[in-house]
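Take a look at the structure below.
The values are calculated or read from the model by the stated rules, or taken from the named source; none is laboratory data. Nothing here was measured: the structure is a model prediction, and the numbers come from that model. So basically every Cβ, Gly included, is an ideal-geometry build from the backbone, and we count neighbours across all protein chains shown. Side chains included, ligands, DNA and RNA excluded: accessible areas come from the protein's heavy atoms. Shrake-Rupley method; radii C 1.70, N 1.55, O 1.52, S 1.80 Å.
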Amino acid sequence: MSITAVKGFNDILPVETPVWQFVEATARSVFGRFGFSEIRVPVVEKTGLFCRSIGDTTDIVEKEMYTFCDKAGSSLTLRPEGTAGVMRALIEHKLYALDAVNKLYYMGPMFRHERPQKGRYRQFHQIGAEMTGASDPIVDAQLLLMVSSLFKELGLDEPRLQVNSLGCPACRPAYREALVAFLSQRQDALCEDCRRRQSSNPLRALDCKVPGCVDATSGAPAMLDHLCGECAEHFDAVQNYLTAARVKFSLNPRMVRGLDYYTRTTFELITCLLGTQAAVAAGGRYDGLVAQLGGPAVPGIGFALGVERVALLLGDRYPARTPDLFIALAGDAVRCPGFSLMAGLQELGLWVETDCEGKSLKSQMRRADKLGSRFCLVLGDNEVASGQVTLKRMEDGSQQTVCLDAAALAAVITGGEQA
RNA sequence: GUGGCCAUGGUGAAGCGGUUAACACUUACGACUGUGACUCGUACAUUCGAGGGUUCGAUCCCCUCUGGCCACCCCA
């Protein structure tokens, strides 16, 4: 067996790239309308960046990072998510000083050493957006509106938006205590993992899928009931804005995020069509992150969507491109004039295909059909001599005689587009 | 990291101890020597993931390895 790709690292083949391009182009278009600019940051960062931002005790940092030493002995890591790198760049280049509010988006590969399965790979792709510098609830709502617009424009109304608030450093500790107290009374009913997590990350128990834990935590105290005044006010305002903007959402008081830096508003787009990989997009507010990374106290909120998962949801519902014209060449003598015509039409912006193997006319026609070409014409000695060609519309087989001239042909072909 | 399932051509797959390794799709060419789709014809796996074993004989049984998928954990 020859060399194959690394497990969990996939080739994205020509049949799949159109969906990807559709997702990326749609994201660029929607983000652009919300005033976001693209930022491109490296795929590799110093390991410490992720430990500090994502959190030392998270699964990502504990067991899923691709970490290695370079020749100088520094510990480097393939980014497992996008926010940390973007915030590092924001701090490093003092973007917050250029403009108090920064609206940035990115797209690209992320790396997590997990067991691959449907919709989850070791190299996977995210499209994300971050908005820093403002903590007003209208910012949260704007980002949510943008996410919701993006999915609408992609033609996906199925993933549903769920929101929650995780509170802030002022109110979360008290809630955490209340939750631990609650859980400790139900020790016996909890699974091994949840018992172990009680000290490290008790909130996780709310997210546990083991039936016993679901039962045991059904009456658990909710963060939403323990928010401090400011957090509660913030969260109310976010919801009001969302309602005003007609963004559909539901509350999920049990939603927990996997990264430590989240505060206040968090959200997920959940689908029931991808089996266990339910989260298609997710994000939240991270008001302490920039300071935690050594920058000024700049608040922020962001989200990321999984391109593989979105592509899976889209299936074949994306715009397909097909050639405008296929020029079938009847005889060697006509190859050069045919190529000249092709050049003229390409220059006018048309996608033109022609024979490149010296195939029979029948084969060329078959190929024109297979490519889905909208029009086809046969160029032979007669056409070159008369200066007239028969242009055939492949869809219905209708034909018309057109002057053998790039501009004349282009007029009919693009005119046919409107009809 | 843990569990389950599966490995036959470009693809989807039958075959389950002795077969020319079915069938379908795809692809190529042809049926009209200048017109696609439908139809019809022809061609396309000395070989069944790799290595070992059992057997007169193995794609079919056993072992090992490798690969894939799905699920758990967690996540986009």
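For first residues located in region A:21-33 and open to solvent by less than 40 Å² (accessible area, probe 1.4 Å), partners that are of a type in the set (D, E, K, R) and lie 6+ apart or on another chain with Cβ distances below 6 Å form the pairs A:Thr26/A:Glu153; A:Val30/A:Glu153. Selection within region A:11-20: residues that are modelled with pLDDT of 90 or more and not aliphatic (A, V, I, L, M). The member of this set that is surrounded by the most Cβ atoms within 10 Å (Cβ to Cβ) is A:Trp20. Among the residues making up region A:165-197, those that are open to solvent by less than 30 Å² (accessible area, probe 1.4 Å) and more than 22 Å from A:Val210 (Cα to Cα) are A:Ser165, A:Leu166, A:Gly167, A:Cys168, A:Cys171, A:Tyr175.
Return yes or no: is A:Ser53 at pLDDT 95 or above, of a type in the set (S, T, N, Q) and either under 21 Å from the mean Cα position of the chain (by Cα) or within 22 Å of A:Val139 (Cβ to Cβ) (or both)? Walk me through how you get there before you give the answer.
Details: at pLDDT 95 or above: no; of a type in the set (S, T, N, Q): yes; either under 21 Å from the mean Cα position of the chain (by Cα) or within 22 Å of A:Val139 (Cβ to Cβ) (or both): yes.
Criteria not met by A:Ser53.
Has region A:326-347 got at least one residue that is assigned to a strand (DSSP E or B), more than 13 Å from RNA strand B (Cβ to nearest atom) and open to solvent by 20 Å² or more (accessible area, probe 1.4 Å)? Give the derivation first.
As a first pass, look at region A:326-347 and keep what is assigned to a strand (DSSP E or B): A:326-329.
Remaining after also requiring more than 13 Å from RNA strand B (Cβ to nearest atom): none.
The answer is no, given that none of the residues of region A:326-347 is assigned to a strand (DSSP E or B), more than 13 Å from RNA strand B (Cβ to nearest atom) and open to solvent by 20 Å² or more (accessible area, probe 1.4 Å).
Residues in region A:365-402 that are open to solvent by 70 Å² or more (accessible area, probe 1.4 Å), in a strand (DSSP E or B) and of a type in the set (A, V, I, L, M, F, W, C): 0 in all. From the list A:Asp287, A:Asp260, the lone residue that is within 16 Å of RNA strand B (Cβ to nearest atom) and either under 18 Å from A:Ser165 (Cβ atoms) or in a helix (DSSP H, G or I) (or both) is A:Asp260.
Checking the structure you have, find out if any residue of region A:375-383 is in the same structural domain as A:Met131 (by TED's automatic domain parsing), of a type in the set (Asp, Glu) and near RNA strand B (Cβ under 8 Å from one of its atoms).
Within region A:375-383, the subset in the same structural domain as A:Met131 (by TED's automatic domain parsing) is none.
Within region A:375-383, not a single residue is in the same structural domain as A:Met131 (by TED's automatic domain parsing), of a type in the set (Asp, Glu) and near RNA strand B (Cβ under 8 Å from one of its atoms).
Whenever a residue of region A:230-251 is closer than 23 Å to A:Leu156 by Cα, its partners that are open to solvent by 40 Å² or more (accessible area, probe 1.4 Å) and in a loop (DSSP other than H, G, I, E, B), lying with C-beta atoms within less than 8 angstrom and at least six residues away or across chains, give the pairs A:Gln239/A:Phe249; A:Leu242/A:Phe249. A:Arg160 falls short of the stated requirement of being more than 30 Å from A:Val30 (Cα to Cα) and of a type in the set (D, E, K, R).
Once region A:109-133 is narrowed to residues that are at pLDDT 95 or above and farther than 21 Å from A:Thr77 by Cα, the residue that is surrounded by the most Cβ atoms within 10 Å (Cβ to Cβ) is A:Ala129. Annotation note: Cβ proximity below 9 Å between a residue of region A:350-366 that is farther than 16 Å from A:Pro323 by Cβ and a residue that is modelled with pLDDT of 90 or more and away from RNA strand B (no atom under 13 Å from the Cβ) (sequence gap 6+ or interchain) occurs for A:Gly358/A:Arg335. Tallying residues that are within 16 Å of RNA strand B (Cβ to nearest atom), in a helix (DSSP H, G or I) and not aliphatic (A, V, I, L, M) within region A:208-248 yields 4.
Do we have any residue at all in region A:301-314 that's away from RNA strand B (no atom under 11 Å from the Cβ), part of a loop (DSSP other than H, G, I, E, B) and of a type outside the set (S, T, N, Q)? Steps first, answer last, please.
Step one: list which residues in region A:301-314 are away from RNA strand B (no atom under 11 Å from the Cβ), which gives A:301, A:314.
Pick out the ones that are also part of a loop (DSSP other than H, G, I, E, B) and you get none.
No, region A:301-314 contains no residue that is away from RNA strand B (no atom under 11 Å from the Cβ), part of a loop (DSSP other than H, G, I, E, B) and of a type outside the set (S, T, N, Q).
All conditions in (1) in the same structural domain as A:Val310 (by TED's automatic domain parsing); (2) modelled with pLDDT under 95 hold for A:Val44, with the sole exception of (2). Residue check: A:Lys248 meets all listed conditions (1) of a type in the set (Lys, Arg); (2) at pLDDT below 85; (3) under 23 Å from the mean Cα position of the chain (by Cα); (4) open to solvent by 60 Å² or more (accessible area, probe 1.4 Å) but one, namely (2). Restricting attention to region A:34-57 and to residues that are among the aliphatic types (A, V, I, L, M) and assigned to a loop (DSSP other than H, G, I, E, B), the residue that is surrounded by the fewest Cβ atoms within 10 Å (Cβ to Cβ) turns out to be A:Val43. Checking each residue in region A:188-207 for being near RNA strand B (Cβ under 9 Å from one of its atoms) and in contact with a Leu (Cβ under 8 Å, 6 or more places away or on another chain) picks out A:Cys194, A:Ala205. Is it the case that A:Gly73 is assigned to a loop (DSSP other than H, G, I, E, B), of a type in the set (Gly, Ala, Ser) and outside the structural domain of A:Glu130 (by TED's automatic domain parsing)? Criteria not met by A:Gly73.
The residues of region A:26-57 that are out of contact with any Asp or Glu (no Cβ under 6 Å at 6 or more places or on another chain) and under 24 Å from A:Asn201 (Cα atoms), listed by number, are A:Thr47, A:Gly48, A:Leu49, A:Phe50, A:Cys51, A:Arg52, A:Ser53, A:Ile54, A:Asp56, A:Thr57.
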